[in-house]
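Just so it is clear, none of the values below were taken in a lab; they were calculated from the coordinates. Predicted, not measured: the structure shown is a model, and the values here were computed from it. For neighbour counting, all protein chains shown are included, and Cβ atoms are generated from backbone atoms with ideal geometry for every residue, glycine included.
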Amino acid sequence: MKVIIIYRSDSEHGSTVEQYLRDFSTRTGRELEVMDPDSAEGIALCQTYDIVEYPSAIAISDDGQMQSTWRGLPLPTISELSYYT
């Protein structure tokens, strides 16, 4: 299972998401995957899982099934996401 954070680093929420990613890593010892929604891979992911609001977090099982999504701010708690990592 993996969790992907989809956000634009140069947006108004970019620094908030980056701080969240640092906090998540510090508290759990794990890294979350990040994706730019404007990259080719990001566009495909957003179309596949109907992501239209940023930042968003999505938990995906190993077989590609969406397990949960969180859209916009505030971001989910670290414990919510760590369940899926």
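Structure data summary
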read-out: Residue tally, condition of a type outside the set (Lys, Arg) and either touching a Pro at 6+ places or on another chain (Cβ under 9 Å) or within 19 Å of Ser15 (Cβ to Cβ) (or both), over the range 57-76; value: 8
read-out: Subset tally (residues that are of a type in the set (Val, Ile, Thr), out of contact with any Phe, Trp or Tyr (no Cβ under 9 Å at 6 or more places or on another chain) and farther than 14 Å from Thr77 by Cβ) for the range 17-39; value: 1
read-out: In the range 1-18, residue surrounded by the fewest Cβ atoms within 10 Å (Cβ to Cβ) [restricted to those that are hydroxyl-bearing (Ser, Thr, Tyr) and touching a strand residue (DSSP E or B) at 6+ places or on another chain (Cβ under 9 Å)]; value: Ser9
read-out: In the range 19-38, the residues that are surrounded by 12 or more Cβ atoms within 10 Å (Cβ to Cβ), more than 13 Å from the chain's Cα centre (by Cα) and either of a type in the set (Val, Ile, Thr) or on the phi > 0 side of the Ramachandran plot (or both); value: Thr28
read-out: Residues that are in contact (Cβ under 8 Å) with a residue 40 or more places away in the chain and of a type in the set (D, E, K, R), drawn from the range 7-65; value: Arg8, Asp23, Arg27, Arg30, Asp62
